[in-house]
1. When only DSSP loop residues count, what chymotrypsin sites (Phe, Trp or Tyr not before Pro) in the range A:1-108 have their Cβ near at most 14 other Cβ atoms within 10 Å?
2. Net charge around A:SER154, counting only other residues with Cβ within less than 15 Å of its Cβ (Lys, Arg = +1; Asp, Glu = -1)?
3. Given a cut-off of under 8 Å on Cα pairs at least six residues apart, what relative contact order in percent is computed for the range B:240-354?
4. Run through every distinct alpha carbon pair of the range A:5-138 and return the Kirkwood hydrodynamic radius in angstroms, one decimal place.
5. Taking +1 at the Cβ of each Lys and Arg and -1 at the Cβ of each Asp and Glu, which of B:GLY218, A:LEU156, B:PHE89 sits farthest along the dipole of the protein assembly as shown towards its positive end, judged by Cα position relative to the Cα centre?
6. Ignore the peptide's own chain and count Cβ atoms of other chains within 10 Å of each Cβ in B:93-101; give me the average, rounded.
7. Would you compute, for the Cα atoms of the range B:280-321, the largest minus smallest coordinate along each principal axis and list the three values in descending order, in whole Å?
8. Toward the positive end of the charge dipole of chain B, about the Cα centre and with charges on Cβ (Lys, Arg +1; Asp, Glu -1), which of B:ALA155, B:LEU339, B:ALA25 goes farthest?
Amino acid sequence: MRKNRNVSFGFIYFVLLALFLYIPILLLVVFSFNDSRTLSFPLSGFTLGWYRELAGAGTLIESVWNSLLVGIGSSIVATILGTMAAIGIIRYEFVGRGVFLGLSTIPLVIPAIVLGVALLIIFRQMFDVNLSLWTVGLGHVIINIPIAMLIVASRLAGFPDNLEEAAMDLGATYWGTLRRITLPMSFPALAAAFLTSFTTSFDEYAMTVFIVGTDPTLCLSICIHNFGSPGICRSLSHWQLSSWLVLS
Amino acid sequence: MADLAVEVRDVWKFFPAPRGGEKVAAVRGVTLEIQRGEFFTMLGPSGCGKTTTLRMIAGFEVPSKGEVFIQGEPMSTVPPHRRPANMVFQNYALFPHLTVGQNVAFGLTIKRTPADERKRRVTEALELVQLAGMEDRRPSQLSGGQQQRVALARALINEPAVLLLDEPLGALDLKLRKAMQLELKHLQDRVGITFIYVTHDQEEALTMSDRVAVMNGGIALQVDSPKEIYERPNTRFVADFIGETNFLNGKVTHTDSGIAQVAVAGEQVKSQVGSDEVKVDQDVTVAVRPEKLAIAPPGKNENHALQGTIQEIVYIGTDTRYVVKLTSGETAVARVQNLSGRDLEEYNAGDQVSIGWRPGDARILTS
């Protein structure tokens, strides 16, 4: 009897938690079929009109495509580089390991706007490259490397410490061990690193606005859509930057 | 020379100290000659350098000085994956993402052994360790003892010249450990591979080994058969670490053809001289095993010189332990077997007794 009550309490708690987490997203789906301009109840009627409109919004679709491209590309590169750094930090003793770990995680705590401005200066003033999706991708790689590295490093640190030794003892070379043991066992972490990087990249606005060229990503498109022109978005960011500088 | 499976020649290993400063010597000039087909054990307390020495044979550590030879070949430039040695790790180190069959086949897979031969040999190896038919299980589905066997099969399938075992039974419970000790010994007889075994468990070492190296402080103190190690320890450490020993301090008064007379607690006792020569007037320790110590009613005779009082009597089933306080204040422990017909009430606490031993059963130790 008592056990049953506990189970039902746990279940209710679980349901409430799930609702809290997912209702906002569910509402978004519901409203996408709602026949009204404003996102408010009561629902006024079912429509597929918004989807029809979306199909016609060429620039928006293009910006989604850009976001996916940059997100996937930069996440792959960041996961590879982050994994390499993680293996170095966790598996090897070397002079300055702590310093390296510190330096490589600093991008995590630098405001994206600051990074954006810094990258803009580097790209334009120092190297005079044209801003494009490539520069955006490079910027996203920079903010994603520490994320990927930390995720993979935590997995590597949790390994039973002699699995790799056992593989080498059984005849595997360093690369064979990496391929057969280290990477397969780290796969959940590699996937998590990739997905987290992708989400970060897909969401990233504050830095992107500075280093994007003429191909806006989704975040930028939404800003431009709301405020009219890319210039406003950029000045918005400048305003954010200066207020951040004043505050700090 | 050709018959040596492994030779460790004056090997040293220094590790950098945790916070700079002096380097720490984990192994200090260890020399071992391990015969082909031998069950050889390195025994010692934690930090004695036994595991570091094993890891240098495996190739996971590089000696700071000295050289390791396997089958006569110097190993200093040979990486672990090309050494004819395989290791069984303390926590088994089974690959959790592979099945038991894939774990055991790992070495053969690396060597690109044809699939049908690989399958046959995995079956054989699992039969050898009594795990036939377990190929498709995951390591996590097995008990500790079974995982241990998988680790053994995974190493043995490669038919190494030497099998290295790093406290492989440490994680098992006592009963299983005892069973596995005998099983390991039988397995070694059957496969004929040289085993180098590391343990801190003296009973394990004595039970299984052909020869034992007792190590302490990075030095191999004594390398001998279990019987020699137990009966003729060459240092106080070995005598103390293996089994139980009474140590009585005294001064040599006379020596004669391997037997020395020593003044202990004001009385003259006789003891066999140990591995080191002794001189008259030298301060020495007389070491006697409790089971070699006899108790008799008070009164002196040739072999029963020391007098004392029984302080405590502990009945432990097969034996009875008598703790005797000598007139000098030192205590000695005698262990008497409870044989059939023996009167258990022979002595009581507080009784005056004399203790003694046959000169050949005691050893004089100088270090």
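No value in this document is a laboratory result; all are computed from the given coordinates. Remember, predicted model here, so these are calculated numbers, not experimental data. Note: ideal-geometry Cβ built from the backbone for every residue, glycine included; neighbour counts use all protein chains shown.
1. Working: sites: A:PHE9, A:PHE11, A:TYR13, A:PHE14, A:PHE20, A:TYR22, A:PHE31, A:PHE33, A:PHE46, A:TRP50, A:TYR51, A:TRP65, A:TYR92, A:PHE94, A:PHE100; in loops: A:PHE33, A:TYR92, A:PHE94.
Qualifying residues, ordered by number: A:PHE33, A:TYR92, A:PHE94.
2. Details: positive: A:ARG91, A:ARG155; negative: A:ASP161.
So the surrounding residues net to +1.
3. On the way: 225 pairs, mean separation 27.8, N = 115.
Computed over the range B:240-354, the figure is 24 percent.
4. Details: mean 1/r = 0.0490 Å⁻¹.
Averaging 1/r across every pair of different Cα atoms and inverting gives 20.4 Å.
5. Checked the options; the winner is A:LEU156.
6. Values: counts 10, 3, 9, 4, 6, 4, 0, 0, 0.
Across the residues of B:93-101, the mean count of other-chain Cβ atoms within 10 Å is 4.
7. If we take the Cα atoms of the range B:280-321, the spans are 42, 22, 17 Å.
8. B:ALA155
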